[in-house]
Amino acid sequence: MSSRRDFFKRLVEPAIKEEKSSSPLYIRPPYVKDYSLFDKECIECEQKSCAKVCEENIIIIEAKGTPILNLQSSGCTFCQECAIACQKGVLSIEEGEEKINATFYINKDLCLSHNKNVCFSCKEPCIDNAILFKGMFEPIIDIEKCTACGFCLSRCPTKAIEFIIK
């Protein structure tokens with residue numbers, strides 16, 4: 001006999017799958033003042049200046065025409081160039097946050113350190129000093145300090161750094 005939790009989970013799963021497929025979530029550049037403007041303003045932007053001025057080359061334009069971050073090879077330095085170049089006002093240094101819309105965490109099953117191997121690959125590039133170690137083998141990400149810059153993601157040899165979109 002199934003539990004009530006299983007019953008409700010089966011009821012909700014189709015709605016969750018439909019929601020995910022109809023509105024994909026992306027990691028967006030920092031300095032966003034209103035996320036709804038991506039679908040309204042960025043699509044009409046012909047210049048796509050934000051991607052052109054990105055020093056780390058992590059801003060790419062997805063098929064619909066909006067900027068997203070590809071953090072596979074580098075991270076965001078928060079240089080402000082994308083916000084300065086944004087002609088539609090979607091990115092704004094004055095009104096937006098110097099933060100990226102993702103929350104990073106460490107998958108303990110994939111992490112070398114959590115599996116008793118010495119590895120500091122994620123900590124070394126962390127510009128916010130948000131990765132803390134309990135001893136030598138237990139890294140954790142302090143979500144209060146983490147700006148989701150992505151440098152740890154690109155440096156982890158086992159892809160143990162994962163994220164959820166906020």
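Points to keep in mind about this one:
- Build a GNM of the chain with springs between Cα atoms under 10 Å apart, and of Asn117, Asn57, Asn107 the one that fluctuates most is Asn117.
- Filtered trypsin sites (Lys or Arg not before Pro), the stretch 54-132: DSSP coil and at most 10 other beta carbons within 10 Å: Lys116
- Cα shape, the stretch 41-110, gyration tensor, a/c 1.5 rule: prolate
- Full-extension gain in nm, Ile84 to Lys116, via 0.36 nm per residue minus C-alpha separation: 7.1 nm
- Fewest neighbouring Cβ atoms within 10 Å first, the residues Leu132, Leu153 line up as Leu132, Leu153.
- The alpha-carbon atoms of the chain define a convex hull whose volume equals 151 cubic angstrom per residue.
- Counting Lys and Arg as +1 and Asp and Glu as -1 over every other residue whose Cβ lies under 13 Å from the Cβ of Cys111, the net charge comes to +3.
- Most mobile listed residue (Glu98, Glu46, Glu124) in the chain, GNM with C-alpha springs under 10 Å: Glu46
- Glu124 versus Ile143: modelled label distance in nm, points set 7 Å from Cα along the beta carbon direction: 2.8
- Calculated mean residue ellipticity, 222 nm, the chain: -6000 deg cm²/dmol, from DSSP H runs (n ≥ 4) at -39500 (n - 2.57) each, averaged per residue and rounded to 500.
- Built amide H within the under 5 Å cut-off of Ala102, gap 5+: Lys166
- Length gained when the stretch Lys166-Ser73 is fully extended (0.36 nm per residue, less Cα-Cα span): 31.3 nm
Computed from the coordinates by the stated procedures, all read-outs in this text should not be read as laboratory data. A quick note: this is a predicted structure, and the numbers were derived from the prediction, not measured. Positions of Cβ are generated from backbone atoms using ideal geometry, with glycine treated the same way; all protein chains shown enter the neighbour counts.
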